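K.L.:
Once you've had a glance at the structure underneath, I'll fire off some questions.
Laboratory data are not the source of any read-out in this text; all were calculated from the coordinates shown. No experiment lies behind these values; they were computed from the predicted model shown. Glycine gets a Cβ as well: all are built from the backbone with ideal geometry, and neighbour counts include every protein chain shown.
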Amino acid sequence: MVRIPGFVKPLLTLVLFSALVSGCQALPDGGSDDSLMGTGDMGLVVERATGSLLVINTTSHGVIGRIEGLGDLSHASIVYSRDARYGFVFGRDGGLTKVDLLTQSIAGRVIQSGNSIGGAISQDGRYVAVSNYDPGGVKVFDSGTLELVADIPATYILDNGQRAQSKTVGLVDAPGNRFVFSLFDAGQIWVLDMPDGVDGGEPEVTRFDAGKAPYDSMITPDGRYYIAGLFGEDGLSMLDLWNTSAGVTEILPDYGKGEQQLPVYKMPHLEGWTVADGRAFVPAVGHHQVLVADMNDWSLVDRIPVQGQPVFVMASPDNRRIWVSFAHPKNDVVQVIDSQTRKIIRTLEPGKAVLHMEFTPRGEEVWVSSRDSNRITVYNTDTLEPVAELDAQNPSGIFFTSRAHVLGL
């Protein structure tokens, strides 16, 4: 034991107290050292024409940095690691790129196919899956190393008995460390069960017949229903993931029958579907309508006329208002619908060629990209007035890190 002389004790106490106060001293902004940063209010904006990403801060409406060298981002999407530090970018050229938001750099990159359109990250964060057009199928990678874990070709049998390979679309993550996706050419839905890391084992695939030409899909917020939109017929295909033995059922089968369908300039993005107030708000393919379905029996209860063909139909986090973007040629506006009255309450004009919308985690703002105006416009979701603008090079997708903790995104 070290004995401290009595006359030293008061001096030592003063030194320790000063150090403690200095170490706990609050900074003027109430935050921490500027060299330290969390990722909770950060996100990535795709600059599609330049193959780059903007790293942004939602609180300050600021651009932190730019990450370049990501290849073809003409149809790019992003998911996040569990700690929300890393984004996994799925490029149209088959590139899977892991980016570090804190260092604003590429942490890893592989070219895993010839043409890919999206991906997902597993419930436990261990696996990143990519949906491919060419060659058709899904590849699964280790999220830490980007090493290939599983290769699932989307093979099926044609009417003439020949084997073929289908484009895969609508890939989402589901509870139980599963991925679910659709086969566009085969008219099927597949469920891919990945090992959970406890017992190990091999991935398992379960196949279901679906409607004609599923083109995109969504999963309900509780992870129960996987719903695929059908390009080859009116209606939607739904798989109850709690009761898969029942197979795929058809819902909203007659929403477009007996009506003249308009040319489809851009397919709706069904991951932008909205579930609000016990209703599902669905973009109608080839119609200037948002469909409203009762989720108890999936019956059609309303059609909301809108100014063009809807692409994204998204609810604010409180489900009070529905925000709708549109396909070319009427794609310079966003319309806002009251979820209770189902009436349009405002038509906004963010800029030319609106491509994407993203709500801040608690929904006080929404960020809207306008590709041909080279800007992001931020709106207050209460007043519906713009509060900020950011310059960007042909921006498209906006992806905030809050997605790291949401199922099916």
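K.L.:
Measure nothing fancy, just the Cα-based angle from helix 9-24's long axis to the longest principal axis of the chain, in degrees from 0 to 90, nearest 10.
P.N.:
With both axes taken from Cα atoms, the answer is about 20 degrees.
K.L.:
Based on the mean of other beta carbon atoms within 10 Å per residue, what is the order of 161-171, 88-98, most packed first? Before the final figure, lay out each step's value.
P.N.:
Working: 161-171: 18.5, 88-98: 22.5.
So the peptides 161-171, 88-98, ranked by packing, come out 88-98, 161-171.
K.L.:
Can I ask one more? How much length would be gained if the chain were fully extended between Thr59 and Asp72, taking 0.36 nm per residue of separation minus their Cα-Cα distance, in nm to one decimal?
P.N.:
Working: separation 13, 0.36 × 13 = 4.68 nm, distance 2.92 nm.
Contour length minus the Cα-Cα distance gives 1.8 nm.
K.L.:
Give me the count of lysine pairs in the chain whose alpha carbons sit under 23 angstrom apart, restricted to pairs 8 or more positions apart or on different chains.
P.N.:
Within the chain, the lysine pair count is 11.
K.L.:
Can you check how the C-alpha radius of gyration of region 56-186 compares to 2.2 N^0.38 Å, as a plain ratio?
P.N.:
Values: Rg = 15.8 Å, N = 131, 2.2 N^0.38 = 14.0 Å.
Computed over Cα atoms of region 56-186, the ratio equals 1.12.
K.L.:
Packing-wise, with mean Cβ within 10 Å as the measure, how do 360-372, 285-297 rank, highest first? If you can, show how the numbers build up before the last one.
P.N.:
On the way: 360-372: 19.8, 285-297: 18.0.
Sorting 360-372, 285-297 by mean packing, highest first, produces 360-372, 285-297.
K.L.:
Find the eigenvalues of the gyration tensor of the Cα atoms of the chain, then list the square roots of 5 times those eigenvalues as equivalent ellipsoid semi-axes, largest first, in whole angstrom.
P.N.:
Details: eigenvalues 338, 154, 83 Å².
In descending order, the three semi-axes are 41, 28, 20 Å.
K.L.:
Taking only the alpha-carbon atoms of region 274-409, what semi-axes of the equivalent ellipsoid follow from 5 times the gyration tensor eigenvalues under a square root, in whole Å, largest first?
P.N.:
24, 17, 13
K.L.:
What is the spin-label model distance, in nm, from Arg82 to Glu250 if the labels are put 7 Å beyond Cα along the C-beta direction?
P.N.:
So the two model labels end up 4.2 nm from each other.
K.L.:
Which net charge results when you count Lys and Arg as +1 and Asp and Glu as -1 among the other residues whose beta-carbon is under 13 Å from that of Ile106?
P.N.:
Details: positive: Arg66, Lys98, Arg109; negative: Glu68, Asp100.
That sum, taken over residues with Cβ under 13 Å, equals +1.
K.L.:
Can you show me the helix-derived [θ] at 222 nm for the chain, built from DSSP H runs with n ≥ 4 at -39,500 (n - 2.57) apiece and divided by the number of residues, rounded to the nearest 500.
P.N.:
Computed ellipticity for the chain at 222 nm equals -1500 deg cm²/dmol.
K.L.:
How long are the semi-axes of the ellipsoid equivalent to region 112-251, from square roots of 5 times the Cα gyration tensor eigenvalues, in whole Å, largest first? All intermediate terms of the calculation are to be shown ahead of the outcome.
P.N.:
Values: eigenvalues 103, 67, 35 Å².
Listed largest to smallest, the semi-axes of region 112-251 are 23, 18, 13 Å.
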